[in-house]
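What follows is a single structure, written as structure tokens, with notes after it.
The values are calculated or read from the model by the stated rules, or taken from the named source; none is laboratory data. Since we're looking at a predicted model, the values are computed, not measured. Don't worry about glycine lacking a Cβ; one is built from the backbone with ideal geometry, like all the others, and counts go over all protein chains shown. Note: accessible area is taken over every heavy atom of the protein model, side chains too, but ligands, DNA and RNA are not part of it. Shrake-Rupley method; radii C 1.70, N 1.55, O 1.52, S 1.80 Å.
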Amino acid sequence: MILIADCGSTKIDWCILKGDKLVKQFFTTGVNALLMPEDKIRATFETELKPQVEGSEIFEVYYYGAGCLSEEICSNVSRSIASVIPSATTISVNSDLLAAARALCGRNPGIACILGTGSNSCYYDGEKICDNVSPLGYILGDEGSGAVLGKLLVGDVLKKQLPAELCEKFLKQFNLDRMKIIENVYKKPAPNRFLASLSPFLIQNIEEPAIHRLVLNAFKSFFVRNIENYANFKEVPVSFVGSVGFYYREVLDEAAKALDITIGTVIKSPMEGLLKYHSK
């Protein structure tokens, strides 16, 4: 049997696959391998993963995770998995970006993008990632992401760039004022998550011209500053995984059409595509 993991900082989605049949799906606490030491990763897997897989004859593990950016980090995760699944003869640890590419493109070439709390993209040749425009995070980049959409929204609210009734509606809905926003962004941890948590207001009010314009311009910025850096961006489909791409699909299509870019697949989560990719 095969165990597949789609790991984020908040949760890990695990699936056990036998041939092309899904045997079991379960969730555990998220792991960011870039920030967590190996002993803590191992302890997390020992406590939460081991009870879920005991008795299962798992011989292959394919783990895609947040923070899996170097050989050393991937080795930490691999050893942690091996300690709780000794039957595994193959343990493959890769980035969440490769998960997106395999889920979206399978074994065909294409440009794969993540649009969630953050954003990222790559050119994938059907086997491996060949090119990646650095996302740079929500301060310097992450165009089109939930965090950046939230940042643009609160900036427009506080600088009164939106109609007064929309500004009032936003502040009331989230029980916020200027000082609370500043405190969450500049003093509290994970400001990117705070900003991303505000972005649903945009989809709720997408019919408002000012809101539609904000989102459309954000997606155009993502295409111009990221996708247009790939040499053959007009020759292959550009596909998306993540909640922002999924829920804002109509505006995403509008931005792509304005720039003569072809949208391929758009899915909320990579797991469905990963199950298909790894099925035997």
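Calculated mean residue ellipticity, 222 nm, the chain: -12500 deg cm²/dmol, from DSSP H runs (n ≥ 4) at -39500 (n - 2.57) each, averaged per residue and rounded to 500. For segment 143-202, relative contact order (Cα pairs under 8 Å, six or more residues apart, normalised by length) works out to 59 percent. Rounded to the nearest 10 square angstrom, D39 shows an accessible area of 110 square angstrom against a 1.4 Å probe. Here is the list for segment 24-113: GluC sites (Glu not before Pro) lying in DSSP coil, each with at most 14 other C-beta atoms within 10 angstrom of its C-beta, are E54, E57. Of the trypsin sites (Lys or Arg not before Pro) found in segment 134-166, the ones in coil according to DSSP and having at most 11 other Cβ atoms within 10 Å of their Cβ are K159, K160.
Computed with a 1.4 Å probe over protein heavy atoms only, the accessible area of R193 comes to about 130 Å².
Considering only N120, N175, A101, the residue lying farthest towards the positive end of the dipole of the chain is N175, judged by Cα position with unit charges set on Cβ. Placing +1 on each Lys and Arg Cβ and -1 on each Asp and Glu Cβ, with no other charges, gives the chain a dipole about its Cα centre of roughly 500 debye. Projected label points at K172 and S70, each 7 Å from Cα along the beta carbon direction, are separated by 5.1 nanometres.
Here the dipole of segment 201-280 is about 300 debye; that uses its Cα centre as origin and unit charges on the Cβ of Lys and Arg (positive) and Asp and Glu (negative). Measuring with a 1.4 angstrom probe and ignoring ligands and nucleic acids, V157 comes out at about 10 Å² accessible. Hey, if you put +1 on the Cβ of every Lys and Arg and -1 on every Asp and Glu Cβ in segment 182-280, which of F240, T265, V185 ends up farthest toward the positive end of that dipole? Sorting the options by dipole projection puts first V185. When you filter the GluC sites (Glu not before Pro) in segment 185-240 for DSSP loop state and at most 14 other Cβ atoms inside 10 Å of their Cβ, you are left with E207, E235.
In this simple spin-label model, placing a label point 7 Å from the Cα along the Cα-to-Cβ direction at both F59 and T262 gives a separation of 3.9 nm.
Would you mind pulling out the separation of the Cα centroids of segment 7-80 and segment 172-238, in Å? For segment 7-80 versus segment 172-238, the Cα centre distance is 30 Å.
Within the straight-line cut-off of under 19 Å between alpha carbons, the lysines reachable from K151 are K159, K160, K169, K172, K180, K187, K188, K220, sequence neighbours fewer than 8 places apart in one chain being disregarded. Sorting 175-182, 1-8 by average packing, meaning the other beta carbons within 10 Å per residue, from highest down gives 1-8, 175-182.
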